[in-house]
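Student: Here it is: the structure, laid out below.
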Amino acid sequence: MPEERSNHGSRTADAFETAKLGIWAFLATEVLLFGGLFTAYTVFRINYPALFHTEHLKLNRLLGLINTLVLITSSLTMALGIAAIRRGRRRLLELCLLLTIFMAAGFLGIKYLEWSEDFARGLYPDTNLFFSLYFMMTGLHGLHVIGGITVLATMLIMARRGAFSEQYHTPVEISGLYWHFVDLVWIYLFPLLYLIG
Amino acid sequence: MTSYRTYIIVWLALLVLTAATWLVSYTDLGVMNAVAALFIASVKAALVALFFMHLRYESRLVWAFALFPLFFLALFIAGTVTDMLFR
């Protein structure tokens with residue numbers, strides 16, 4: 001709660017609060033962007049339950065599970081990185097950012113394997129409604145992972161140049177919120193597409 | 001300030017919940033499969049938002065920013081489904 005903060009009125013603290021509202025407003029637009037696809041998913045799933053059931057069995061559940069674990073763990077390293085810089089530990093932040101980027105790249109690598117496997121078995125975005133949604137939803141999410149890697153790599157470069165300290169690390173916090181959001185979307189995509197088609 | 005330990009406990013909870021949703025998907029509960037999967041996903045999402053995204057420590061204004069898109073998303077889905085079912 002704001003009244004508990006001792007640095008009330010400090011410009012840096014105010015700027016940080018404003019930046020947080022900015023990213024949360026952006027994330028709101030992101031929820032609604034994915035929301036259109038989640039709405040389409042709901043409608044088609046109610047109309048074609050049998051199609052969703054037979055088609056979802058064609059997905060590689062194990063790779064989906066591994067990717068879920070990779071993304072959750074990358075969220076942990078991101079959170080630890082922010083905890084580190086809040087204590088002024090720059091080297092630990094750099095290590096955490098590097099691990100997060102590494103796992104984000106791993107996620108995309110596994111996604112590449114999955115899509116290659118799908119294409120090899122003749123499953124394309126125009127195969128049927130289920131696969132249209134699957135490729136669209138995981139594709140849009142994948143673009144967000146690529147965006148996340150770009151943002152986190154920028155943070156790593158800035159961190160190496162000594163841009164962040166115990167007092168100032170707003171960009172890292174903001175990037176972290178975005179990265180956790182990418183994790184949040186996948187937390188819903190995994191069961192909806194792979195487990196309960 | 002949240003300790004490193006708290007984050008690791010949250011991460012472990014997320015791993016356990018992922019295992020739970022995986023195991024539940026192999027039992028046939030009919031409609032309850034979808035309900036269980038969405039419930040577990042929402043618990044996981046809440047853990048990520050409250051702890052990793054620090055929502056627990058945020059002001060009411062940030063909470064409002066975080067919740068209003070969820071309200072609109074619920075409105076979209078409920079409105080569309082109602083229209084589809086009762087047309």
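The values are calculated or read from the model by the stated rules, or taken from the named source; none is laboratory data. Here the structure is a predicted model, which means the values were calculated and not measured. Counting neighbours? That spans all protein chains shown, and the Cβs are built from the backbone with ideal geometry, glycine included.
Student: Taking the options B:Thr21, B:Thr82, name whichever one is out of contact with any Phe, Trp or Tyr (no Cβ under 7 Å at 6 or more places or on another chain), polar (S, T, N, Q) and in the same structural domain as B:Arg5 (by TED's automatic domain parsing).
Tutor: On inspection, the qualifying residue turns out to be B:Thr21.
Student: Would you tally the residues in the stretch A:41-66 being part of a helix (DSSP H, G or I) and over 21 Å from the mean Cα position of the chain (by Cα)?
Tutor: Qualifying residue count for the region: 14.
Student: Moving on. Which one of these does A:Glu55 not meet: (1) within 18 Å of A:Gly176 (Cα to Cα); (2) in contact (Cβ under 8 Å) with a residue 40 or more places away in the chain?
Tutor: Here A:Glu55 clears every test but (1).
Student: Could I ask something else about it? Check the stretch A:45-54 and report whether any residue there is farther than 15 Å from A:Leu193 by Cβ and either within 11 Å of another protein chain (Cβ to nearest Cβ) or touching a His at 6+ places or on another chain (Cβ under 9 Å) (or both).
Tutor: yes
Student: Taking only the stretch A:16-29 into account, find how many residues are farther than 12 Å from B:Phe65 by Cβ and within 8 Å of another protein chain (Cβ to nearest Cβ).
Tutor: Within the stretch A:16-29, residues that are farther than 12 Å from B:Phe65 by Cβ and within 8 Å of another protein chain (Cβ to nearest Cβ) number 0.
Every residue, every condition in (1) of a type in the set (A, V, I, L, M, F, W, C); (2) out of contact with any Gly (no Cβ under 7 Å at 6 or more places or on another chain); (3) not in a helix (DSSP H, G or I), yes or no:
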{"site": "A:Gly109", "(1), (2), (3)": "no, yes, no"}
{"site": "A:Asp118", "(1), (2), (3)": "no, yes, no"}
{"site": "A:Phe131", "(1), (2), (3)": "yes, yes, no"}
{"site": "A:Met136", "(1), (2), (3)": "yes, yes, no"}
{"site": "A:Leu152", "(1), (2), (3)": "yes, yes, no"}
{"site": "A:Ala159", "(1), (2), (3)": "yes, yes, no"}
{"site": "A:Ser165", "(1), (2), (3)": "no, no, yes"}
{"site": "A:Tyr188", "(1), (2), (3)": "no, yes, no"}
{"site": "A:Leu193", "(1), (2), (3)": "yes, yes, no"}
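Student: Out of the residues in the stretch B:24-36 that are within 7 Å of chain A (Cβ to nearest Cβ) and either in contact with a Phe, Trp or Tyr (Cβ under 9 Å, 6 or more places away or on another chain) or not aliphatic (A, V, I, L, M) (or both), which is nearest to A:Asn67 (Cα to Cα)?
Tutor: Result: B:Ser25.
Student: Another question, then. Please enumerate the residues belonging to the stretch B:37-48 that are within 7 Å of chain A (Cβ to nearest Cβ) and closer than 22 Å to A:Leu80 by Cα.
Tutor: Correct list: B:Lys44, B:Ala45, B:Val48.
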